[in-house]
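Step one of this worksheet: look at the structure below.
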Amino acid sequence: MYQKDFEQILQKRLPKALLVYGENQYAIEGYISKYIIELDAKEDLLKLYFDEYNFEQAKTYLSQNSLFGGTNLLIIKHDKAIPKKELETLLELVKKNSDNYLLYAFFGVQKDIRSNAALFRSDDTVEVRLFEPSLRESITILQKKANELQIQIDPYALEHLIMVLNNNLMLCSNELEKLSTLNRTISSKDIDDLVYSDAPLGVEKLLIDLCNKKPISNTINTLLELGEDAAYLLRSTQMFMNQILLFQAYIKINGNVNSAEILGYKLPKQIEEQKAALASRIKSSSLLKILEHLLRSELEIKSAPAPQKETLLYGMFIKLQSYL
């Protein structure tokens, strides 16, 4: 189900069980807050986030009446799909008791949730996929947030904030709360002076999208507008691809992944798994072609006049995607 269809349902009722996933974390957190507020479940709810998830604990919670005579709201956040049989049991418990609700927020790879998503397509269970909002949608959402915080900020400054933070609405919302303490009209200059650029995260997103053969032109444009130059994006791409090569070699030798041993420092679990998945999927022959092309591109970009560097950069990324 798409978000606009889900919003129509919410105008009438809260589904007893909800599976929500996709690229819009801000909206996911918003729906979690809505369930807690509308069900008045702050005192009775159970949160099981990521490694905290325990099937027996979840089952026991939904099998008993609320301690305060209210609603049992079970909120699960996970980057791995819950085993289907466990989820079926939890959904049965939700259906048996009118005071039970389940909200399952999935942050992993979409294909891993497909079989579970089918369980949330009945009369009172809903699955919703959320997409990254467009620039116009983000401005509308953040203008509403600014109004709630009683901040005076024009759409141009909001657009600048969104670009600086790579359209991450969670970060944008947090920054608006900080900016509200200035007690004056917020300008683009305030954002330049007080908001830390999210460009490194944008580069990571660019390279992951590159490997997944997704459109990348808009991300390149945004990074260049944020002040990143062709040389920086080239170096970042070389470093990223070298890491994928190291992951690939380690997995072939050991049969598992350990970023601490591969890189000398531990990556967050989700990023570690993401890079391991890319290393397993990209062919060694393709990776070799990519690394060779990056070396040639480095010479071309460094030797080219400044006006040509960005053009060569776009051409480099187009060629890289053709190897994947």
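Label sites at Ser322 and Tyr49, each approximated as a point 7 angstrom past Cα along Cα to Cβ, lie 4.6 nm apart. Available extension along the chain between Asn254 and Glu292 is 11.1 nm, counting 0.36 nm per residue and deducting the alpha carbon span. Taken one residue at a time, the phi angles of segment 180-189 give Karplus couplings (6.51, -1.76, 1.60, θ = phi - 60°) of 5, 6, 6, 6, 7, 5, 8, 10, 4, 5 Hz. Gly and Pro are set to x.
In this structure, the amide hydrogen of Lys77, modeled 1.01 Å from its nitrogen in the peptide plane, lies closer than 5 angstrom to those of Leu48, Tyr49, Phe50, Ala105, counting only residues at least 5 positions away or on a different chain.
Does the chain come out rounded, prolate or oblate, given a ≥ b ≥ c as the square roots of the eigenvalues of its C-alpha gyration tensor, rounded meaning a/c under 1.5 and, failing that, prolate meaning a/b above b/c? Judged from the Cα gyration tensor, the chain comes out oblate (a/c at least 1.5, b/c at or above a/b). Length available on full extension from Thr60 to Asn183: 0.36 nm per residue minus the Cα-Cα distance, which gives 39.5 nm.
With contacts taken as Cα pairs under 8 Å at a separation of at least 6 residues, segment 135-196 carries a relative contact order of 41 percent. Please say if segment 3-130 is rounded, prolate or oblate, where rounded means a/c under 1.5 for a ≥ b ≥ c the square roots of the C-alpha gyration tensor eigenvalues, and otherwise the choice is prolate for a/b larger than b/c and oblate otherwise? In terms of gyration-tensor shape, rounded.
A crude spin-label estimate for the pair Val109 and Ile271, with each label 7 Å from Cα along the Cβ direction, gives 1.9 nm. Compute the Cα gyration tensor for segment 110-246, then decide on rounded, prolate or oblate, letting a ≥ b ≥ c be the square roots of its eigenvalues: rounded whenever a/c is under 1.5, prolate when a/b is larger than b/c in the other cases, and oblate in all that remain. It is oblate, given that a/c is not under 1.5 and a/b is not larger than b/c. Taking a straight Cα-Cα cut-off under 27 Å and skipping sequence neighbours fewer than 8 places away in the same chain, the lysines within cross-link reach of Lys145 are Lys4, Lys12, Lys34, Lys42, Lys47, Lys77, Lys178, Lys189, Lys205. Mean residue ellipticity at 222 nm, helices only, the chain: -18500 deg cm²/dmol; runs of at least 4 DSSP H residues each add -39,500 (n - 2.57), and the sum is divided by the number of residues.
Note on the chain: with charges restricted to the Cβ of Lys and Arg (+1) and Asp and Glu (-1), its dipole about the Cα centre is near 1040 debye. Taking DSSP loops as anything outside H, G, I, E and B, show the longest stretch in the chain free of chymotrypsin sites (Phe, Trp or Tyr not before Pro) there with at most 11 other beta carbons within 10 Å. My reading of the result: 69-195 is the longest stretch.
For Cα pairs less than 8 Å apart in space and 6+ apart in sequence, what is the mean separation divided by the residue count of the chain, i.e. the relative contact order in percent? Intermediate values should be presented prior to the final figure.
Values: 383 pairs, mean separation 46.2, N = 324.
Normalised by residue count, the contact order of the chain is 14 percent.
Taking other C-beta atoms within 10 Å as the exposure proxy, Met163, Met239 rank Met239, Met163 from fewest upward. For segment 37-106, GluC sites (Glu not before Pro) are listed when DSSP marks them as loop and at most 16 other Cβ atoms sit within 10 Å of their Cβ; the list is Glu43.
Throughout, read-outs are computed from the coordinates displayed, never taken from laboratory work. Predicted model, so just to flag it, every value in this text is computed and none were measured. Glycine also receives a Cβ, built like all others from the backbone with ideal geometry; neighbour counts cover every protein chain displayed.
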